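Asker: Following this message is one structure expressed as structure tokens.
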Amino acid sequence: MSDHSPHTPVVDGAVIYRRLLGYAYPYRLYFVVAALGMGLEAGADTAFAALMKPMLDGSFVNKDQHWIGLIPWLIVALFTIRGLAGFASGYMMSWIGRQVIKSLRGAMFDHLLCLPARFFDQNASGQLISKFTYDVEQVANATTQAVTVSIRDTLAIIGLLGWMTYISWRLTLAFIVVGPVIAIIIVYINRRYRKIGAALQASMGDVTHVAEESVEGYRVIKAFGGKEYERQRFEGANERNRQQYMKMVATKVGSIPLVQFIVGLALAGITYMATLDSMLGTISVGSFMSFLVAMLMLLTPMKRLTTVNAAIQLGIAAAKSLFDLLDSTAESDHGTQVLGRATGAVRYEKLSFQYGRGNARIIDDVSFEVSPGQTVAFVGPSGGGKTTLVSLLMRFYDIGHGRILLDGRDIRDLKLDNLRKQIAFVGQDVILFNDTVARNIAYGALSDVSEEEIVKAATAAYAMDFIRELPQGLDTLVGENGVLLSGGQRQRLAIARALLKDAPVLILDEATSALDTESERHIQRALDGLMKNRTTLVIAHRLSTIEKADQILYVEDGRIVERGRHEELLAKGGHYAALHRLQFHGLEGA
Ligand SMILES: Nc1ncnc2c1ncn2[C@@H]1O[C@H](COP(=O)(O)OP(=O)(O)OP(=O)(O)O)[C@@H](O)[C@H]1O
Ligand SMILES: [Mg+2]
């Protein structure tokens, strides 16, 4: 299911991080303020350690009145500065982080809208949605909290080490030798974090995916007793997620004591050195205490730096997943020509198509022609390739061999927007958005039409009667995918939508679901109105649609095996006649 779980190659974190910082670049001025704040914070820490020296030497040892009076005030001042600086840096960094997240999410969503149908065929929606929710938050952590900690704490470490060196470079040197050891540990932990991070995202995607499918498919789950199966599926994803998380926690909480232990050893060594006779003479009590305090104060930023690493590595793994989405190829839109309103002449020339390289040919050498205003009906067995054939006209997929012409122009030469503007589409299953009836009819590019026009379209689609009876009429919310409407009502909304678009070409994938005769008659009449004066490619299941068609194409295994008008094909006694006998025999009298 998740193609990127355990095999994710260790990616170049620096490249990804740099790309991520590119999104933060516009806010560099805010960053300067934040960095100043962090510098002040780090400075305040160092100053606090440094204050120990005059405090001890001056007040306790030498009883210097000047210092004794000053020190409490200095402490208050230090903490005030530290607090204000902390607020500025924390707020600014979060501000930048949220801006980055917003632009990333926006860019991802914009790109999502331009991705080809193939992409949606190949990616589970749960995995995609989890990128927008979970992965993006990981990136937020990496860009804000992690950056704050890294910069502030690195500065604090530098400041403290600097002070320690000032007091005694020999002692500091002894402390610094543990540095490389810690560095090696951190490099190892980094790699592990990133690997777990990728697996963690994939498992989070699985959790979203299963939950989402269960929400959407609740009817099937209830009707077919799928509860146990779904529970197990969810338990699997849930448990994998927990395991990956615990692996990360183990790495995190394991690495802290390890680093602290090493630092502890260094501390012990230094205390030993400082108490050697040779040192005792050269260093005052205040200096030594100040040195120790600085060293102890080093522990916290060092500890934070080891843990923040986890956030950065998770962020990098998450950013990779986001960039993968951003880098996936968009629909090819290289056409430059623009048609006004097309007359609607459609011509398929020797068209072949397969869904993936190496897959079977779904469309095999298909040619046909429809004159403006005419209707061509596609009939044939299920899986024969009818839906595929008509969807190629909208360029949902790239054509393999051959070409499709609209008004004599190769549709690949037309701008994608322009091509799709010429086509109205009513699909096999109706897609509605969780919005009002009116907004569903006037969807997309049609959104600024007047209410009058909407009512006109709805009336022509025989939908106005039921719309009037809805609690808020045209302003009633239809629920997710129109769950609050019946199947026939949904179809009539889809027809109204197509009517309102008033495009020269109509693609109609008739739903197979049987409706009661009353709604059937409504829909039939709505469709008749829709098909009038338009070039129509209809995948027909209704006898009346087929009988009226100017041309019937019988599609089987991706080929047109018979073509002609209804009577001609019946007289011929071939595939169509057989289908007709089977499917419509009882209906003929109706
Ligand atoms: N997105 C896709 N990716 C890969 N294969 C697909 C995809 N959509 C359809 N197919 C395959 O293409 C073939 C034709 O499917 P298509 O939907 O065009 O048939 P159809 O004639 O419309 O069938 P029906 O009458 O049942 O709607 C089927 O074998 C199907 O498995
Ligand atoms: Mg179909």
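Asker: Can you compute 3J(HN,Hα) from phi for each residue in segment 128-144, using the Karplus curve 6.51 cos²θ - 1.76 cosθ + 1.60 with θ = phi - 60°, rounded to whole Hz and x for Gly and Pro?
Answerer: Each residue of segment 128-144 in turn: 5, 5, 4, 5, 6, 9, 6, 4, 4, 5, 4, 5, 4, 4, 5, 8, 9 Hz.
Asker: Mind ordering 489-500, 40-51 by average Cβ neighbours within 10 Å, highest first?
Answerer: Highest-to-lowest ranking by the protection proxy: 489-500, 40-51.
Asker: List the lysines whose alpha-carbon lies under 23 Å from that of K501, not counting same-chain residues fewer than 8 positions away?
Answerer: Candidates past the 8-residue exclusion: K415, K421, K456, K532.
Asker: So, with a 1.4 angstrom probe, what is the percent of accessible area on the chain that is carbon and sulfur?
Answerer: Carbon and sulfur together cover 60 percent of it.
Asker: Sequence-distant or interchain residues sharing an amide H contact under 5 Å with G402, placed H: which?
Answerer: Close amide H contacts, sequence-distant or interchain: S352.
Asker: Quick one: ranking I157, I101 by accessible area, 1.4 Å probe, largest first, what do you get?
Answerer: Putting I157, I101 in descending order of accessible area: I157, I101.
Asker: Treat every Asp and Glu Cβ in segment 413-567 as -1 and every Lys and Arg Cβ as +1, leave all other atoms uncharged, and give the resulting dipole magnitude about the Cα centre to the nearest 20 debye.
Answerer: Dipole about the Cα centre, nearest 20: 320 debye.
Asker: Treat every Asp and Glu Cβ in the chain as -1 and every Lys and Arg Cβ as +1, leave all other atoms uncharged, and give the resulting dipole magnitude about the Cα centre to the nearest 20 debye. Before the final figure, lay out each step's value.
Answerer: On the way: 60 positive and 58 negative charges, 316 e Å.
Charge dipole, the chain, about its Cα centre: 1520 debye, nearest 20.
Asker: Continuing with the same structure: What length, rounded to one decimal in nm, is gained on full extension from T275 through to L21, with 0.36 nm per residue of separation minus their alpha-carbon distance?
Answerer: 86.7 nm
Asker: Expressed as an acute angle from 0 to 90° and rounded to the nearest 10, what is the orientation of the C-alpha long axis of helix 178-216 relative to the principal long axis of the chain?
Answerer: So the inclination is approximately 30 degrees.
Asker: Give me the angle, in degrees from 0 to 90, between the Cα long axis of helix 145-167 and the longest principal axis of the Cα atoms of the chain, rounded to the nearest 10.
Answerer: 20 degrees
Asker: How many lysine pairs in segment 13-327, separated by 8 or more positions in sequence or lying on different chains, have Cα atoms less than 14 Å apart?
Answerer: Values: K53/K63; K102/K131; K131/K320; K195/K247; K195/K252; K195/K320; K252/K303.
Qualifying lysine pairs in segment 13-327: 7.
Asker: Please report the accessible area of D429 (heavy atoms, 1.4 Å probe, ligands and nucleic acids excluded) in Å², nearest 10.
Answerer: Ignoring ligands and nucleic acids, D429 comes out at about 110 Å².
Asker: For segment 454-467, in order, what is each residue's ³J(HN,Hα) by Karplus, 6.51 cos²θ - 1.76 cosθ + 1.60 with θ = phi - 60°, in whole Hz (x at glycine and Pro)?
Answerer: Each residue of segment 454-467 in turn: 4, 4, 4, 5, 5, 5, 5, 8, 6, 10, 5, 4, 6, 5 Hz.
Asker: Just check segment 144-185 against the gyration tensor rule for me: Cα atoms, a ≥ b ≥ c as the square roots of the eigenvalues, rounded for a/c under 1.5, and otherwise prolate or oblate depending on whether a/b exceeds b/c.
Answerer: Oblate, since a/c reaches 1.5 and b/c is not below a/b.
Asker: Accessible area per residue, 1.4 Å probe, Å², for the chain: what's the number?
Answerer: Counting only protein heavy atoms, the per-residue value for the chain is 50 Å².
Asker: Moving on to the next point. Sum -39500 (n - 2.57) across every DSSP H segment of at least 4 residues in the chain, then divide by the residue count to get the 222 nm mean residue ellipticity, nearest 500.
Answerer: So the helix-based figure for the chain works out to -20500 deg cm²/dmol.
Asker: In segment 118-155, which residues have a backbone nitrogen under 18 Å from the label point lying 7 Å from V215's Cα in the Cα-to-Cβ direction?
Answerer: Those under the cut-off are 124-137.
Asker: Determine the gain in length on full extension of the stretch T80-Y355; use 0.36 nm per residue of separation and subtract their C-alpha separation, reporting nm with one decimal.
Answerer: That pair, T80 and Y355, stretches by 92.4 nm at full extension.
Asker: Still on this structure: Rg(Cα) of the chain divided by 2.2 N^0.38 Å?
Answerer: Relative to the 2.2 N^0.38 Å estimate, the chain comes out at 1.41.
Asker: Could you calculate the FRET efficiency of T459 with A571 from 1/(1 + (r/R0)^6), where r is the beta carbon distance between them and R0 is 41 Å, rounded to 0.05?
Answerer: 0.55
Asker: For the chain, take the longest principal axis of its alpha carbons; what is the angle in degrees between that and the long axis of helix 65-114, to the nearest 10 within 0 to 90?
Answerer: 20 degrees
Asker: Using Cα pairs closer than 8 Å and at least 6 residues apart in sequence, work out the relative contact order for segment 13-327, in percent.
Answerer: 34 percent
Asker: If only Cα atoms are counted, what is the Rg of segment 13-327, and what is its Dmax, in Å?
Answerer: Cα radius of gyration and Dmax of segment 13-327 are 25.3, 87 Å respectively.
Asker: Okay, moving on. Answer with one residue from F368, Y355, T545: the one whose Cα lies farthest towards the positive end of the charge dipole of the chain, charges on Cβ with Lys, Arg +1 and Asp, Glu -1.
Answerer: Working it through, the farthest residue towards the positive pole turns out to be Y355.
Asker: Might you report the magnitude of the Cβ-based charge dipole of segment 13-327 about its Cα centre, with Lys and Arg at +1 and Asp and Glu at -1, to the nearest 20 debye?
Answerer: 260 debye
Asker: Charges on Cβ only, +1 for Lys and Arg, -1 for Asp and Glu, centred on the Cα centroid of the chain; of Y576, A274, V177, which one is farthest towards the dipole's positive end?
Answerer: Of Y576, A274, V177, it is A274.
Asker: Gain in length, L113 to L339, computed as 0.36 nm per residue apart minus the alpha-carbon separation, to one decimal in nm?
Answerer: Extra length available between L113 and L339 comes to 79.0 nm.
Asker: Which one, Y25, T208, N123, projects farthest toward the positive side of the charge dipole computed for the chain from Cβ point charges (K/R +1, D/E -1)?
Answerer: Of the listed residues, the answer is Y25.
Asker: Please turn the phi angles of segment 319-328 into ³J(HN,Hα) values with the Karplus equation 6.51 cos²θ - 1.76 cosθ + 1.60 (θ = phi - 60°), one per residue in order, whole Hz, x for glycine and proline.
Answerer: Running phi through 6.51 cos²θ - 1.76 cosθ + 1.60 with θ = phi - 60° gives 4, 4, 5, 5, 5, 4, 5, 5, 8, 5 Hz.
Asker: Arrange the peptides 267-279, 160-172 so that the one whose residues have, on average, the most other Cβ atoms within 10 Å appears first.
Answerer: Packing proxy ranking, top to bottom: 160-172, 267-279.
The values are calculated or read from the model by the stated rules, or taken from the named source; none is laboratory data. Quick caveat: nothing in here was measured; it's all calculated off a predicted structure. Here the Cβ is made from the backbone with ideal geometry for all residues, glycine too, and neighbour counts use every protein chain on show. Heavy atoms of the whole protein, side chains included, go into the accessibility calculation; ligands, DNA and RNA do not. Shrake-Rupley method; radii C 1.70, N 1.55, O 1.52, S 1.80 Å.
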